[in-house]
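Have a look at the structure below, then the notes.
The values are calculated or read from the model by the stated rules, or taken from the named source; none is laboratory data. Predicted, not measured: the structure shown is a model, and the values here were computed from it. Note that we place each Cβ from the backbone using ideal geometry, even for glycine, and neighbour counts take in every protein chain shown. Ligands, DNA and RNA are excluded from the accessible area calculation, which covers all protein heavy atoms including side chains. Shrake-Rupley method; radii C 1.70, N 1.55, O 1.52, S 1.80 Å.
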Amino acid sequence: MSQFDYDLFVIGAGSGGVRAGRLAAARGAKVAVAEEYRVGGTCVIRGCVPKKFMVYASEFAHYAHIAEGYGWSASGATFDWTRFREAKDREIARLSGLYVANLTRAGAQIIEGRAVLTGPNSLEVAGYGRVTAQRILIATGGRPWKPQDLPGVELAITSEEAFDLPALPERMVIVGGGFIAVEFAGIFNGLGVDVTLVYRGDQILRGFDEDIRSHLAAEIQRRGVKLVLGAHPVAISDREGDLQCRLSDGQVLQAGQIMLATGRKPHTGGLGLEAAGVGTGPNGAIKVDEWSRTSAPGIWAVGDVTDRINLTPVAIREGAAFARTEFYDQPTRFDHEAVASAVFSQPPVGTVGLTEAEARAALPNIDVYRSRFRPMKETFYGGQEQALVKLVVDADSQRVLGCHVVGPDAPEIIQMAAVPLKLGVTKAQWDAACAVHPTLAEELVTLSEPVPRPAA
Ligand code: NDP
């Protein structure tokens, strides 16, 4: 008989917490998962999943435009935001229900309430009481962050409210140049909103390959997004029902909604980390080792709360690795190298491995293979949208170090490109795969000549 109430207590029923809790419970451990809001976490409730539905919804306007060129009469189609929002909410509720069912079926107990650490093996759960656990897993995710020193910041929304707007505004200002800003700019632009994307840097998507950044910036503007670079908001004010956003470059933008996509922060406030001896970094992220162990014995943390790679599948893998190590006697560490990701911009981006700049900084001789072209779907109707495919190769070992794609289905393409890249494929092995014709992805296996190297 254990001296603890639970073998494992998970704080947070998001992607990482649910996977760890489910695996541990399926192995026979006594598991509780506490959630203060809704089971499913950011990804299911107010992140990846509803975002993707909104991307789907917003793409139809572009399809309707293309459809005309293919012989359809598609004009006159209208979009009903309320009807879409209700359908989205039903689907999110269904998915959250599946998470609950899967956890329960595995034998885990779900506790609705906010859990706070009170010591190394003890917690207080609001509305439930004090519990003890042999192991505790913190999987509380992240929260949108807004610059609090911005006058009028309370008038601006974040991505969380963007999912549930009472009505679509005529005009919208989106601030930021990361994943969320770029994705929501495409979504609202597609839904017919006049969108201005304001980013303080010299190009959107800092950290991505430079060719991807400039290519995508051009294409989102072609789709209708207005892009303001090198500026940030200095004040937001309410002007008779409309909002006004004053920028550092002197411009003043009017909009029905202003959305700040200025980053996310680990959700660690008020968790009782000090009481339990759990150390954090400067941005509040829980410090963990490669086994996701915190500085406190018996306490682990996975997912965005640790601010390693803030992606759902990474949280899931970290949660699974923890459960396999602790409950299956299979020591497992998640390898954070070459994790592929996608930006669901319009057009979308897929990327895995090193950018050209990262590769040049790490190795002496880099070959770059690149192709820009109009996909055949565009050429047929006279569309001007361009796709970009790019491979970054170590010229000495011939190993493919990075793969970057902008264009239709880029997220689907990059998932499969990640497999050979992770296995250390060489350019010759990559090219040995025969093309699938006619596709966009075939361009990736027919890149024969590297672009001329920059002068030393
Ligand atoms: P990011 O960190 O990617 O981007 C934040 C942006 O806000 C940056 O462009 C940053 O500029 C800018 N910014 C920060 N502070 C300020 C400020 N005070 N004034 C003006 N601009 C500011 O965060 P996101 O919120 O976009 O996304 C969070 C994370 O969520 C991502 O990193 C990603 O890991 C994950 N995510 C993944 C998705 C996917 O897989 N498709 C989709 C959505 C999110 P600067 O670059 O100059 O610092």
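Of note:
- Failed item in (1) within 16 Å of the ligand (Cβ to nearest atom); (2) open to solvent by less than 10 Å² (accessible area, probe 1.4 Å), with W145 passing the rest: (2)
- Hey, L363 open to solvent by less than 60 Å² (accessible area, probe 1.4 Å), touching a residue at least 24 places away in the same chain (Cβ under 8 Å), under 29 Å from Y70 (Cβ atoms) and in contact with a strand residue (DSSP E or B) (Cβ under 7 Å, 6 or more places away or on another chain) or not: no
- Unique match (being touching a Ser or Thr at 6+ places or on another chain (Cβ under 9 Å), hydrophobic (A, V, I, L, M, F, W, C), open to solvent by less than 50 Å² (accessible area, probe 1.4 Å) and more than 13 Å from the ligand (Cβ to nearest atom)) among L191, L165: L191
- Conditions (1) part of a helix (DSSP H, G or I); (2) more than 15 Å from the ligand (Cβ to nearest atom): number failed by E183: (2)
- Scope the range 313-336; condition open to solvent by 20 Å² or more (accessible area, probe 1.4 Å) and within 16 Å of the ligand (Cβ to nearest atom); matching residues: P313, I316, R317, F334, H336
Residues are listed down the side, and each one gets a yes or a no for (1) part of a strand (DSSP E or B); (2) modelled with pLDDT of 95 or more; (3) buried (at least 18 other Cβ atoms within 10 Å of the Cβ):
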residue: A13; (1), (2), (3): no, yes, yes
residue: G17; (1), (2), (3): no, yes, yes
residue: L23; (1), (2), (3): no, yes, yes
residue: A29; (1), (2), (3): no, yes, yes
residue: V49; (1), (2), (3): no, yes, yes
residue: A74; (1), (2), (3): no, no, no
residue: A93; (1), (2), (3): no, yes, no
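- Residue match in the range 378-391 (condition: open to solvent by 40 Å² or more (accessible area, probe 1.4 Å) and farther than 27 Å from W72 by Cα): no
- Selection status of A275, modelled with pLDDT under 95 and over 30 Å from R453 (Cα atoms): yes
- Qualifying position, being of a type outside the set (D, E) and either out of contact with any strand residue (DSSP E or B) (no Cβ under 7 Å at 6 or more places or on another chain) or free of Cβ contacts under 8 Å to residues at least 24 places away in the same chain (or both), among R264, R223: R223
- Taken together, V234, V228 contain a single residue that is open to solvent by 30 Å² or more (accessible area, probe 1.4 Å), within 12 Å of the ligand (Cβ to nearest atom), in a strand (DSSP E or B) and not charged (D, E, K, R), which is V234.
- Residue within the range 125-140 that is within 13 Å of the ligand (Cβ to nearest atom), within 23 Å of T312 (Cα to Cα) and not basic (K, R) present: no
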